[in-house]
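Taking it in order: structure first as structure tokens, then the write-up.
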Amino acid sequence: MSVPTTMAVAGRTVRRVLVAGLGLALVALTPLTAQASGTTEAAGEPVAATGAAAGPAGVIGASSEPVRVAGAAAAPVAVTRTTLAEDTVIPRGVTVDLVRRTMTLTAGEKRHLRGRLEATSTTTGIVGLTERIRCLDASGRTVPVVAASARNHEGSDTVTYATPGHLPLFADLLFTAPADGTYTCVLQGTAYSSLTGSYHLTAVAGKTWLEADDSDRVGAGWWQNPACESADSGGACTYVGTGPARRDAWVFYDDGTPTRRWQAHPDAVSVSAQANLELTTCYHGTASCATAMQAHPRGKNAVVDARFEFIQLGTTGHACRTHSTTARRTVTDDAHHAVGYSFLTGLPVDPACGTRDFLMRIYVKHVSGQTVKIDGVQSGVTSLTNGIAFNNFG
């Protein structure tokens, strides 16, 4: 958690706040062909680039709506969206179940779940908001992994969101059934703050929903950043910035975990990939970063460049075809945590490469301002930075 602070940032008074922090080497991967098929965004709705395939559209007091989603050069995928039917209060320090979906699966079956949580606030102060997708087995035990994203709600008077005062968050999970059985996946919201007085966040009906595939996502692959606790007392997290931090980093690639190759299914006519990158600013006094990484007072904000790459490998293990999308992101100290969403859709599998192997990675480069932490897995189960690869079948 970050410490209380009071200061003016960009002409806006910041009140006392205490928000919870979330808490095969390859040589010379040089791109031969670059294709941008998606966009990355940090504050509002993910948007598909021109020519990209459409992404998915998409029980506690909720309604369900079947959605047909077309992928580029792929057969439609059936997705069901379950929508929050009534505005639901998220009190301070309480995790609230918002929407759920129950599925009967066989061992190894995969489902892509995507959650959207739109929240308003009753205060002009800053309140932390975390969204989670958690799946439970028939006995009520959580099945790892839990997908999460977080950002501070900057107050009911905030005009920088697409809809003033309305903060949207998204989270994605590729759930794999560990055994035959019935599983219930729940979209949850949690609010954190040290503000005094009576206030709460509210999940907005109709704009808050959970989507789930209706059939197996055959051969889909999951990536996640390694362990990185909220306070990082053990110094396990990756930072990009100034001082002792790295100037740049490769997520899913040089983070100390084995580099993963994913193989497209022999019958796939194309593939798609996406990634959610969670960053946290490391201003003086925050408890969300190692002390050595806190270079500037609150209000400096951070600017980073991010490039999401999905690379088809050749027979030598080098890059054969590189697909990428880039974005410059500003993460404010008021938001503190922020997620960027990247999509590359309908990518052809080039037979000339000689393999159907792919590698996913995100290049993150510090441009200016605060050092940022690249958030990872907390408590061994909750993933804040992750990626998914999909087969598209004709």
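The values are calculated or read from the model by the stated rules, or taken from the named source; none is laboratory data. Not measured: the values here are computed from a predicted model. Glycine gets a Cβ as well: all are built from the backbone with ideal geometry, and neighbour counts include every protein chain shown. Note: accessible area is taken over every heavy atom of the protein model, side chains too, but ligands, DNA and RNA are not part of it. Shrake-Rupley method; radii C 1.70, N 1.55, O 1.52, S 1.80 Å.
If the condition is being touching a Gly at 6+ places or on another chain (Cβ under 9 Å), of a type in the set (S, T, Y) and in a loop (DSSP other than H, G, I, E, B), then region 169-195 contributes only S193. In region 253-273, the residue that is nearest to A220 (Cα to Cα) out of those that are open to solvent by 60 Å² or more (accessible area, probe 1.4 Å) and part of a strand (DSSP E or B) is Q263.
Of all residues in region 196-217, those that are part of a loop (DSSP other than H, G, I, E, B), out of contact with any Asp or Glu (no Cβ under 9 Å at 6 or more places or on another chain) and open to solvent by 50 Å² or more (accessible area, probe 1.4 Å) total 4. Within region 229-249, not a single residue is open to solvent by 50 Å² or more (accessible area, probe 1.4 Å), touching a Pro at 6+ places or on another chain (Cβ under 7 Å) and part of a loop (DSSP other than H, G, I, E, B).
If you go through region 142-165 and keep only what is under 22 Å from E229 (Cβ atoms) and open to solvent by 60 Å² or more (accessible area, probe 1.4 Å), you end up with just P144. Taken over region 379-394, the criterion of being polar (S, T, N, Q) and touching a strand residue (DSSP E or B) at 6+ places or on another chain (Cβ under 8 Å) is satisfied by T382, S383, T385, N386, N391, N392.
Restricting attention to region 312-333, the residues being open to solvent by less than 10 Å² (accessible area, probe 1.4 Å) and closer than 30 Å to R298 by Cβ number 3. Just one of the listed residues (A227, A249) is at pLDDT 95 or above, under 30 Å from M103 (Cβ atoms) and out of contact with any Asp or Glu (no Cβ under 7 Å at 6 or more places or on another chain), and it is A227.
Note on region 276-292: among residues that are modelled with pLDDT of 95 or more and assigned to a loop (DSSP other than H, G, I, E, B), the one that is surrounded by the fewest Cβ atoms within 10 Å (Cβ to Cβ) is G285.
Conditions tested, residue by residue: (1) among the charged types (D, E, K, R); (2) under 23 Å from the mean Cα position of the chain (by Cα); (3) at pLDDT 95 or above.
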{"residue": "G115", "(1), (2), (3)": "no, yes, yes"}
{"residue": "T124", "(1), (2), (3)": "no, no, yes"}
{"residue": "G128", "(1), (2), (3)": "no, yes, yes"}
{"residue": "E131", "(1), (2), (3)": "yes, yes, yes"}
{"residue": "C135", "(1), (2), (3)": "no, yes, yes"}
{"residue": "T158", "(1), (2), (3)": "no, yes, yes"}
{"residue": "G165", "(1), (2), (3)": "no, yes, yes"}
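Among residues of region 108-137 that are on the phi > 0 side of the Ramachandran plot, those with a Cβ under 8 angstrom from a residue that is open to solvent by 10 Å² or more (accessible area, probe 1.4 Å) and assigned to a strand (DSSP E or B), sequence gap 6+ or separate chain, pair up as G108/T176. Among the residues of region 213-229, the ones that are of a type outside the set (D, E, K, R), more than 16 Å from the chain's Cα centre (by Cα) and within 21 Å of L187 (Cα to Cα) come to 1 in all.
Which pairs do you get when a residue that is within 13 Å of E131 (Cα to Cα), found in region 197-208, comes within reach of a residue that is of a type outside the set (V, I, T) and surrounded by fewer than 20 Cβ atoms within 10 Å (Cβ to Cβ), reach meaning Cβ atoms under 8 angstrom, with the pair 6+ apart or on two chains? Cβ pairs passing all conditions: T202/D87; A203/D87.
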